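> Before we start, here is the structure in question, set down as structure tokens.
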Amino acid sequence: MSINETVILASASPRRREILTLAGVPFEVCAAADEDAPSGLSPEDRVKALARSKATQVAAKFPNKLVLGADTMVVLDGQMLGKPKSEAHAVDMLMRLQGREHQVMTGVWVIRTNGEGKIVKEEGFTDIAHVKFLPMTEREVHDYVKAGECMDKAGAYAIQGYGMRNVEAIRGDFYTVMGLPGGRLLRFLQNFGE
């Protein structure tokens with residue numbers, strides 16, 4: 001199972017690059033400068049809208065290409081947790097997550113452009129994984145934040161890094177938590193042109 005066409009990844013995330021490489025998807029990177037989504041959306045729809053915003057912003061620059069946008073967020077009790085704005089904010093997020101289950105949602109949006117760079121097809125989905133954190137002491141949380149890997153991560157943790165020490169269980173795709181649902185995305189890309 002492989003994709004022969006080069007995909008344009010509208011994200012600077014090294015984790016998404018790693019997942020595409022593991023999935024055998026050839027790609028180039030052209031990160032979107034920003035993202036936007038209408039207010040009032042559910043978390044599941046918002047993360048997909050943010051992925052669409054990134055893909056749309058980049059698509060016009062790449063005629064006859066597939067453009068992939070993605071966005072990931074953590075949701076606890078229906079509240080969206082993005083990237084922490086400060087170390088204190090990261091500590092607050094992690095203290096709220098400790099000992100509890102939350103959802104990690106990754107929205108995906110794919111756009112096909114024609115020779116003029118106009119969108120001829122677009123479609124996306126949201127994949128959801130459930131992550132349960134172990135109970136953590138306040139000291140463990142502060143030590144993790146000081147380790148420095150949490151500041152640019154939704155929910156203030158990296159499951160593929162030191163953050164794995166805080167995880168008790170996952171239901172769903174591990175790679176969704178990292179930033180792209182690898183197997184589902186690969187099948188989606190293969191069927192996108194049909």
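> Mind checking which of 147, 180, 111 is farthest towards the positive end of region 75-186's charge dipole, using Cβ charges of +1 (Lys, Arg) and -1 (Asp, Glu) about the Cα centre?
111
> Give me 157, 162, 175 ranked fewest to most by other Cβ atoms within 10 Å of their Cβ, as a rough exposure proxy.
Values: 157 28, 162 15, 175 24.
Final ranking by Cβ density, sparse to dense: 162, 175, 157.
> Quick one: how many lysine pairs does the chain have with C-alpha atoms less than 27 Å apart and a gap of 8 or more or different chains? Give me the count, please.
Final tally of qualifying lysine pairs is 26.
> State the antiparallel share, in %, of DSSP beta bridges confined to the chain, rounding to the nearest 5. Don't jump to the answer; show the numbers that get you there.
On the way: 30 of 36 bridges.
Antiparallel bridges: around 85 percent, rounded to the nearest 5.
> Could I ask something else about it? If neighbour count is taken as other Cβ atoms inside 10 Å, put 142, 130, 102 in order from fewest to most.
On the way: 142 16, 130 13, 102 19.
Going from sparsest to densest Cβ surroundings: 130, 142, 102.
> Still on this model: What's the extension gain from residue 171 to residue 190 if we count 0.36 nm per residue and subtract their Cα-Cα distance?
Values: separation 19, 0.36 × 19 = 6.84 nm, distance 2.50 nm.
My answer for the length gained is 4.3 nm.
> Test of the criteria: in region 84-154, which GluC sites (Glu not before Pro) are in a DSSP loop and have at most 12 other Cβ atoms within 10 angstrom of their Cβ? Mind showing how you got there, number by number?
Values: sites: 87, 101, 116, 122, 123, 138, 140, 149; in loops: 116, 149.
Those satisfying the criteria are 116.
> For region 1-77, what is the relative contact order in percent, using Cα pairs closer than 8 Å and at least 6 residues apart in sequence?
Details: 111 pairs, mean separation 26.8, N = 77.
That works out to 35 percent.
> Mean separation of Cα pairs under 8 Å and 6+ residues apart, divided by the residue count of region 7-192: what relative contact order is that in percent? Write down the numbers at each step before the final one.
Details: 399 pairs, mean separation 42.0, N = 186.
In percent, rounded to a whole number, it is 23.
> So, one more: Distance between Cα centroids, region 26-52 to region 90-137: provide it in whole Å.
Comparing the Cα centres of region 26-52 and region 90-137, I get a distance of 10 Å.
> For a footprinting-style exposure proxy, rank 146, 132, 48 by other Cβ within 10 Å, fewest first. Spell out each step's value before the answer.
Details: 146 11, 132 15, 48 25.
The order, fewest Cβ neighbours first, is 146, 132, 48.
> Would you work out the charge dipole size for region 1-65 about its Cα centre, treating the Cβ of every Lys and Arg as +1 and the Cβ of every Asp and Glu as -1, and quote it to the nearest 20 debye? Could you put the intermediate results ahead of the total?
Numbers: 9 positive and 8 negative charges, 16 e Å.
Roughly 80 debye for region 1-65.
Just so you know, all these numbers are worked out from the coordinates, no wet-lab data involved. Nothing here was measured: the structure is a model prediction, and the numbers come from that model. We place every Cβ from the backbone using ideal geometry, glycine too, and count neighbours over all the protein chains shown.
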